[in-house]
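All remarks here apply to the structure that follows.
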Amino acid sequence: MLAQPAVETTRLHKSYGSVEALRGVDLRVETGSVFGLLGPNGAGKTTAVRILTTLLLPDDGSAQVAGFDVVHDASKVRAQIGLAGQYAAVDENLTGFENLEMVGRLYHLGRGPSRARARELLSSFDLADAGGRLVRTYSGGMRRRLDLAAALVARPPVLFLDEPTTGLDIRSRIGLWDAIEALVSEGTTVLLTTQYLDEADRLADRIAVIDQGLVIAEGTPDELKDQVGGERLDIHLCDSQRGEEAVAALASIASDRPFLEDGSVRVPVAQRRGTIAEAVRALDDAGIAIDDISVSVPTLDDVFLNLTGRPAEPETEELKVEAR
Amino acid sequence: MTALRYGISDTLVLAKRSLLRIPRQPDLLVGFTIQPVLFVLLFVYVFGGAIKTPGFDYVDFLMPGIIVQSIVFGGFVTALGLSDDLKKGLIDRFRSLPMTRSALLTGRTLGDVVTNIFQLVVMFTVGLLIGFNFSSSVGEVVAGILLLLLIGYAFSWVFAFIGLSSSSPEASNAYGFTILFPVTFVSSAFVPVDTMPSWLQPIAEHNPFTTMVDAARALFLGIPAGNSVWLASVWTIAIIAVFAPLSAWRYRRVVTR
């Protein structure tokens, strides 16, 4: 059986007044995969998710989720999806259990099954002890977990996560990533938006990079990295004066011309296997001493810079610092 | 039929949610109990001696008026709740669920009916303790209570509209009180209209709030109702007929931004 895509959009357009949030977005998310929609603030990610979850009508173009049109079959779409977002939409004045029970009732699961499912989700999201407490006493990470649990109440086949870890500390982020990976292993299709490149890299099978309302690149994380170039050796010399000599000595093993940057020699290589030894040998033969040598694998930061000519959001940088 | 059944069950689930909030927010609980009781006591014992209400004890004159006022303001929980839901993104969650969309509004306003009943119990208890007497038939008292609940329900829709139209819960609170407070005071609720300056009297007399208070007074005190009861009913139904669709329209607009 040829599976239909879980999500498919065709030339999706949406404007807010004179601001064009989406300018013709085509996406295709295969059933059972994780699709990352990556882009800076204001790129149109949230607008796309809001259209796909029936919260917003597109101005033009069409979108199907789980085979249903988001405009004409909106209520059928809603029965197939779960949504968790950056705002952690849970009711602060209810307990964790009451929140999940309410969502179950609104999915029309019935009282008994709603309660059973609430208990089950609380324990699988490590909230069993907190389930009877009002959500306003929860930490940020606990709220996000409850929010994600609420999105899963009806075991929806398609899950939308709008910046699921924005604003969370690194420990909570990793916890949430683990939870998302566990879901995916059970066959849920996930479309997630993020402005964190490492998050898309870690979770997504395919990534669409979106900027100013357009998809500017799409592929697997590795394909996107290949667009920027392969791996690279970074060699720090004991005597930085000898950089040009080193560039000449290393030219034969490089896939592209080596260059000097920040006092290091950068050597693009086709594959890292064996090339470290070759590089060491080449420099040794030339009598150039090595202080340090490392392999640099391109990150999605490089992808973004390469595609848009400008770095991704500053928040990303802060977060990376925090992560170290 | 399934749609209707789901509509009712969704409304009940959300009404319960709306009600659970009240005991958990002490400031709301104060707003429903201590504040109106304090109002009653202040009016009866501080102003009461200075206000002449020919033919009535002031406590008998006041109670119907102050009860209508507190029931009108009972709907502010709906305004607070809706603007809170908007601000915190909860409306998005609800709208992404396969529930009946209007249940968010009907659930809130139904929840208000329950809080209104609670308010009536508190107010009548206090009233009876400080000397208020029903001087009408049981049927009239029951009709009066039903009218009060209908009035409360109508103003819940006014507050729903206010809540959906304001940028924050604080703003909705401010709008609600700024608009409705003068309306409730320039009426027959607290003083006889004929003691007001002559330019103000026509305004007070034509104030629908005066009609509602006069109707409650007629039904609880057994005085001739004139047109007040049916006029109050018409006003109340008209408010629902205007503000329920207006709120629904506003809800659709606000959430499809």
What nm value, rounded to one decimal, do you get for the distance between residue B:129 and residue A:286 when each label is placed 7 Å out toward the C-beta?
9.4
Take every Cα-Cα pair in region A:1-102 and report what % of them are more than 19 Å apart.
49
Along the charge dipole of chain B, which of B:153, B:9, B:28 sits closest to the positive end, that is, farthest toward it, with unit charges on the beta carbon of Lys, Arg, Asp and Glu (+1, +1, -1, -1)?
B:9
Computed FRET value (nearest 0.05) for residue A:212 with residue A:69, which takes r as the C-beta separation and R₀ as 25 Å:
0.40
Angle in degrees between helix B:228-255 and the longest Cα principal axis of chain B, rounded to the nearest 10:
20
Rounded to whole Hz, the Karplus (6.51, -1.76, 1.60) HN-Hα couplings of region A:195-212, x for glycine and proline:
10, 9, 5, 5, 5, 4, 4, 6, 9, 8, 7, 9, 10, 10, 8, 10, 8, 6
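Nearest 5 percent is fine: what portion of the DSSP beta bridges confined to chain A is antiparallel?
Restricted to chain A, the bridges split so that about 65 percent are antiparallel.
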When a/c is below 1.5 the answer is rounded, else prolate if a/b is larger than b/c, else oblate, so apply that to region A:102-203 with a ≥ b ≥ c taken from the square roots of the Cα gyration tensor eigenvalues.
oblate
Label-to-label distance, nm, for residues given as residue B:6 and residue B:206 (7 Å Cα→Cβ offset):
4.7
Taking just the alpha carbons, could you work out the radius of gyration and Dmax for chain B, both in angstroms?
18.8, 59
Diffing region B:65-76: the Karplus 3J(HN,Hα) column from phi (6.51, -1.76, 1.60, θ = phi - 60°), in whole Hz with x for Gly and Pro, holds x, 6, 5, 4, 4, 5, 6, 5, 7, x, x, 5
Surface/4 of the Cα convex hull for the protein assembly as shown, nm²:
35.7
Radius, Kirkwood style, for region A:230-297 when every pair of distinct Cα atoms is counted (Å)
11.4
Region A:36-155: C-alpha gyration tensor shape, a/c 1.5 cut-off, then a/b vs b/c
oblate
J(HN,Hα) series, region B:131-136, from Karplus relation 6.51 cos²θ - 1.76 cosθ + 1.60, nearest Hz, glycine and proline x:
x, 6, 10, 6, 10, 10
Summing -39500 (n - 2.57) over every DSSP H run of at least 4 in the protein assembly as shown, dividing by its residue total and rounding to the nearest 500, the 222 nm mean residue ellipticity is -17000 deg cm²/dmol
5 Å is the cut-off here: which amide hydrogens, built 1.01 Å from N in the peptide plane, fall below it relative to residue A:269, excluding neighbours closer than 5 in sequence?
A:231, A:232, A:233, A:255
Amide H within-cut-off set for residue A:7, under 5 Å, with H built and near neighbours excluded
A:29, A:66
Over its alpha-carbon atoms, region B:109-200 yields an Rg and a Dmax in Å of 16.2, 46
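Bear in mind these aren't lab numbers, they're just calculated from the coordinates by the rules spelled out. Keep in mind that this is a model prediction, so the values were computed, not measured. Heads up, the Cβs are rebuilt from the backbone with ideal geometry, glycines too, and the neighbour counts pull from every protein chain shown.
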